[in-house]
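First up is the structure itself, then whatever we jot down about it.
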Amino acid sequence: MLNYLRSRLQTKFVIIEWLFFLLILSSFKTNAQLKTTVSEIGPGWSNNSVNTVIFRNSAITTFKNIQYTAYYNPEGKMVLAKRRLNSAKWEKVITPYSGNVKDAHNSISIAVDIDGYLHVSWDQHDTRLRYAKSKVPFSLELGEEQSMTGNEELKVTYPEFHNLPNGKLLFCYRSGASGRGNMIMKLYDIKTKQWQQLQNNLIDGENERSAYWQICVNKKGIYLSWVWRESWDVSTNHDICYAFSADWGQTWKKSNGENYSLPITKATAELAWSIPQNSSLINQTSMTTDEFGNPYIASYWAVNEVPQYKIVFLDKGKWNLIDTDFQEKSFILGGGGTKRIPISRPEILMNKSMLYLLFRSEERGSKISLASINLNKKHWKITDITDSSVGQWEPNFDKELWKEKTQLHIFSQNVNQADGEGLSAVEAQPVQILELQKIPVTK
């Protein structure tokens, strides 16, 4: 009888311990869910990565507490959507415009000017400029397609908008083909509501190579970095170069203050970090600046066979490197077309001494992940934002909202990408905005 009572008592203790464990586990899950709010907009094309390629630059943007986004639906129609911040209700418009969604280069880039007009450029890969803006401020209804200046608008690739602190809009793209293209810049004047040619050929590939760049803007000016590619083959990417403009794109300098003679060429470009060809160096990543205006450039490449995320940054006139060891498996980056890659290109964010990398890795189950480091401590922490895979997603977040409120809203969709511009036969997946309620902090 005594043994029976002891057995029952032990069983009760085991049950109580197990219930206590489940309660704690449930609490952790609830807290994790509280940190991220998911706002679903609608079904999107997901047979390749055209909706989530990083070089969209602006897949999502906020102006006066109105958040805008754009994507291709399952039929290839361009959809525009907007909402008030903190609202789950999206207003959507299926535009009369379509894109060649079978080519993942043909992404959509958006921006809102200071008068509230929405500007959109889409569906370009060595093809004519496609551009329209809203008929009235804060509207999703676009006007007719139009040219900007009429110059260098027949072979456009990688269009991207940037809001400048002076109220003007910057528009950049490559004119020409992979391995032999030049960088074009145009400027939109809010007073005249007209575009002007800012740079006919800022970075010249000299018909032998092309620059694949990333840009960031702050109150001090425009920061520009790029890698060179010698041919259509991504394995010929090499080196990270740098330029800065304090007068909003008119003139350009090196980090030591030396003026560039334009156009910038391979021979005259400032070398921020030397990286040889065949290093699995990725192109078109991201950059930001710290509170003192020092540029930080995020990329990945391999030194010992395993490609790792790396940050090249400027401090006291010297270029430095922050390395990571997130990856364990090797892969070789090479060939043409949109690649199926085990890791995404990274987005970089900063908030004072905190630096963040937003990325996706197959080694972490292809979830959306955020790596953080306190630059005073030099210790990385990685947090998975999603519970499940997002396929071949690449990061794109609301940069204007981050600048204004340090709030991180991420454009998300589970997409596929067959290697070399192929397609996958999959069902349409929902386009979502992930709102992080609490940004990880590394003490």
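The values are calculated or read from the model by the stated rules, or taken from the named source; none is laboratory data. This is a predicted model, so every value here is computed, not measured. Because the Cβ atoms are built from the backbone with ideal geometry, glycine has one as well, and the counts that use them run over all protein chains shown. These accessible areas exclude ligands, DNA and RNA; they are computed on the full protein's heavy atoms, side chains included. Shrake-Rupley method; radii C 1.70, N 1.55, O 1.52, S 1.80 Å.
Computed values, structure above
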{"item": "5 angstrom amide H check on Thr127, placed H, neighbours 5+ away", "result": "Val156"}
{"item": "Accessible surface of Met350 - all protein chains present, 1.4 Å probe, nearest 10 Å²", "result": "20"}
{"item": "Label-point separation, Ser389 to Lys92 (7 Å along Cα→Cβ), nm", "result": "2.5"}
{"item": "Amide proton proximity set for Leu333, modelled H, under 5 Å, gap of 5+", "result": "Ser280"}
{"item": "Backbone HN-Hα couplings from phi across segment 308-322 [Karplus 6.51/-1.76/1.60, Hz, Gly and Pro as x]", "result": "10, 5, 9, 10, 9, 9, 9, 8, 6, x, 10, 7, 10, 10, 9"}
{"item": "Tilt relative to the chain, helix 2-35 - C-alpha long axis, 0 to 90 degrees, to 10", "result": "20"}
{"item": "Cα-centred dipole magnitude for the chain, charges only on beta-carbon of K, R (+1) and D, E (-1), debye, nearest 20", "result": "1500"}
{"item": "Modelled FRET efficiency - R0 25 Å, Lys35 with Val426, Cβ distances, 0.05 increments", "result": "0.30"}
{"item": "Shape category assigned to segment 49-168 from the gyration tensor of Cα positions, a/c cut at 1.5", "result": "oblate"}
{"item": "Accessible surface, 1.4 Å probe, highest first, among residues Val306, Val156", "result": "Val306, Val156"}
{"item": "Accessible surface of the chain, 1.4 Å probe, proportion on carbon and sulfur as whole %", "result": "50"}
{"item": "Sequence-distant residues sharing a close amide H with Trp273 (under 5 Å, placed H)", "result": "Ile240"}
{"item": "Accessible-area value, Glu427, 1.4 Å probe, nucleic acids and ligands omitted, Å²", "result": "150"}
{"item": "FRET efficiency estimate (nearest 0.05) - Cβ-Cβ, Asp126 to Ala267, R0 30 angstrom", "result": "0.70"}
{"item": "Charge dipole (debye, nearest 20) of segment 126-242; +1 at Cβ of Lys and Arg, -1 at Cβ of Asp and Glu", "result": "540"}
{"item": "Tally of Lys pairs whose C-alpha atoms are under 14 Å apart, taken over segment 262-408, 8 or more apart or cross-chain", "result": "4"}
{"item": "Mean separation of Cα contacts under 8 Å (6+ apart) over length of the chain, as relative contact order %", "result": "15"}
{"item": "In nm, spacing of pseudo-spin labels at His379 and Lys193 (7 Å Cα→C-beta vector)", "result": "5.6"}
{"item": "The chain, accessible area per residue, ligands and nucleic acids excluded (1.4 Å, Å²)", "result": "44"}
{"item": "Correct option for mean projected area of the Cα convex hull in nm² [calculated from the coordinates] among (i) 22.2; (ii) 24.4; (iii) 27.2", "result": "(ii)"}
{"item": "Rounded accessible area of Cys241 (nearest 10 Å², 1.4 Å probe)", "result": "10"}
{"item": "Selection from Pro430, Leu401, Val441, by position along the positive dipole direction of segment 375-443 (Cβ)", "result": "Val441"}
